[in-house]
Amino acid sequence: MAHRVRFVMVGGFLGAGKTTVLGRLAATYQDRGLKVGVVTNDQATDLVDTNSLRAQGLSVGEVAGACFCCNFDELLSTIGRLGESARPDVILAEPVGSCTDLVATVIQPLKRLYDAEFSIAPYAVILKPSHGRKILRGEPTGGFSPKAEYILTKQLEEADVVLVNRVDELLSSEVDELEDLVRARHQSTPVLRVSGRTGQGFEALIEFLDQDGDFGRRVLDIDYDVYAEGEAELGWLNGTVHVAAEARFPLDDLLLGIVETLRASLRASGAEPAHLKTIGLWEGFFGVANLIASEASPELSLPSRCEVLEADVIVNARVACDPELLEKLVRKAVSDVCETLGATATFRETQSFRPGRPVPTHRYADAV
């Protein structure tokens, strides 16, 4: 039989830590001597995740403009392009964090139509601790409407394994509670505790993902009207900005300042962020800052530790608010922070919108 590529998809809600987990998975597979390709996914172009993973030296393709399920052919084409120079042994796929029903629309089509080309790994879904805890507890102040929360619960429902991520940042009692909340709803689904940042739990995760068996079969009973309305409640923004100054400024201060300023303005507007990310790139240097919830602290997840005269900055924001308001707040935050650093911001391209109704290329209601 011809060489089959191992297809490993890792889902989870916006801000769950998918990119960090995939980056560590890629490094782990490479340490085993395997060739790895990564495919990121977004509703628009200019994705922080793509640039961040490429800056780490990984071979990355991007499916932009629609989720994997609605742009299935482009997913296959992107994988093909990654294999033009050397066929990868492993493809790591990161779907849009507001998407679900991926077993029926991605995994099952791969199994049925491309079985000779791909070996499918168990489908892992990362539980986002902050919003996940509130939603699974049934708290009325989860930050999102029931329709948006529906997406997170459906993501967990179709998982072959649920990953409780960021365990290095949580108390053991908090991790215990998250695992109990998942098991109360999904008794037959394994739960693994991991940290994408430190690598804790990755030996067990890799061992689980290496399994062959009855995986990728949990096809959802899903209401696409509720799903579409929940996704459409999120304002989506991808923007690129060139920042320049006459005197050098700390790139990390710029990135963290944008996120901190946005956090404050969103809280004042009553808008709950699902995820905010900024990446700054210049002449081989890069840094990343993000925010995963209004109650969380902004984080410099990948510090650049450099001072620059100019930089290209990408801002990705997923927030439960009107996209016009989101764009206004992002532009003001960037301009205000630049002013404090003695820099000037030139906005090059900004896309702000609400995601449209998902229309999958393929959907199989039964599993093989």
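Please list, in order along region 108-122, the HN-Hα scalar couplings obtained from phi with the Karplus expression 6.51 cos²θ - 1.76 cosθ + 1.60 (θ = phi - 60°), rounded to whole Hz, x for Gly and Pro.
In residue order, the calculated couplings are 5, x, 5, 5, 7, 9, 9, 4, 6, 9, 10, 9, 8, 7, x Hz.
Quick one: grab the alpha carbon gyration tensor of region 247-368, order the square roots of its eigenvalues as a ≥ b ≥ c, and give me rounded if a/c is under 1.5, else prolate or oblate depending on whether a/b is larger than b/c.
Cα axes put region 247-368 in the prolate bin.
Quick check: from the Cα gyration tensor, does region 1-131 come out rounded (a/c under 1.5), prolate or oblate?
Cα axes put region 1-131 in the rounded bin.
Count charges around ASN41 for me, please; just the other residues with Cβ under 12 Å from its Cβ, Lys/Arg as +1, Asp/Glu as -1.
Numbers: positive: LYS18; negative: ASP42, ASP49, GLU62, GLU74, GLU94.
Cβ neighbours under 12 Å give a net charge of -4.
Residue-wise, which Karplus ³J(HN,Hα) couplings in Hz belong to region 303-319, taking 6.51 cos²θ - 1.76 cosθ + 1.60, θ = phi - 60°, and x for glycine or proline?
Per residue, the Karplus-derived 3J(HN,Hα) values read x, 8, 6, 9, 10, 9, 8, 7, 7, 9, 10, 10, 10, 10, 9, 10, 9 Hz.
Taking amide hydrogens as modeled 1.01 Å from N in the peptide plane, which residues meet the under 5 Å criterion relative to GLY61, leaving out close sequence neighbours?
Distant-sequence amide H within range of GLY61: VAL38, VAL39, THR40.
Quick one: 3J(HN,Hα) in Hz for region 200-217, Karplus 6.51/-1.76/1.60 with θ = phi - 60°, rounded, Gly and Pro as x.
4, x, 6, 4, 5, 5, 4, 4, 5, 5, 6, 6, 10, x, 7, 10, x, 10
Using the Cα centre of region 180-331 as origin and beta-carbon charges of +1 (Lys, Arg) and -1 (Asp, Glu), tell me which of ASN316, GLY280, SER294 is placed farthest towards the positive end of the dipole.
Highest projection toward the positive end goes to SER294.
If each residue's Cβ is checked for other Cβ atoms within 10 Å, how do TRP282, TRP236 rank with the fewest at the top?
TRP282, TRP236
Using a Gaussian network model on the chain with a 10 Å cutoff between Cα atoms, which of ALA289, ALA264, ALA66 fluctuates the most?
Highest fluctuation among the options: ALA264.
Within 10 Å of each residue's Cβ, count the other Cβ atoms and sort HIS131, HIS186 from fewest upward.
Arranged by neighbour count, lowest to highest, HIS131, HIS186 become HIS186, HIS131.
FRET efficiency for ALA264 and GLN56, Cβ-Cβ distance as r, R0 = 35 Å, nearest 0.05?
Once rounded, the FRET efficiency stands at 0.70.
Among 4-11, 219-226, what's the highest-first ranking by average C-beta atoms within 10 angstrom per residue?
Averaged packing, sorted descending, gives the order 4-11, 219-226.
Of ALA93, ALA311, ALA159, which has the largest mean-square fluctuation in a 10 Å C-alpha GNM of the chain?
It is ALA311.
Please work out the FRET efficiency for the pair THR153 and ALA296, using the Cβ-Cβ distance as r and a Förster radius of 22 Å; give the result to the nearest 0.05. Please report the intermediate quantities before stating the final value.
Values: r = 21 Å, r/R0 = 0.94.
The calculated FRET efficiency here is 0.60.
In a shell of Cβ-Cβ distance under 15 Å around GLN200, excluding GLN200 itself, what net charge do Lys and Arg (+1) and Asp and Glu (-1) give?
Working: positive: ARG24, ARG166, ARG193, ARG197; negative: ASP168, GLU169, GLU174, GLU179, GLU203, GLU207.
Taking every Cβ under 15 Å from that of GLN200, the sum is -2.
Given springs between every Cα pair under 10 Å in a Gaussian network model of the chain, which of ASP336, ASP212, ASP322 has the largest fluctuation?
ASP212
As I understand it, the value is the acute angle between the Cα axis of helix 18-31 and the longest principal axis of the Cα atoms of the chain; what does it come to in degrees, rounded to 10?
The two axes meet at around 60 degrees.
Tell me, which cysteines of the chain are without a disulfide-compatible partner by the Cβ under 4.7 Å rule?
So, CYS69, CYS70, CYS306, CYS321, CYS338.
How far is the Cα center of region 1-59 from the Cα center of region 122-143, in Å?
23
Rounded to the nearest 20 Debye, what is the dipole magnitude of region 306-368 about its Cα centre when Lys and Arg each give +1 and Asp and Glu each give -1 at the C-beta?
For this selection, approximately 400 debye.
Using only Cα atoms and rounding to the nearest 10 degrees, what angle (0 to 90) does helix 172-185 make with the longest principal axis of the chain?
50
Laboratory data are not the source of any read-out in this text; all were calculated from the coordinates shown. In this text the structure is predicted, and so the values were computed from the model without any measurement. Using ideal geometry, Cβ is built from the backbone for each residue, glycine included, and neighbour counts are taken over all protein chains shown.
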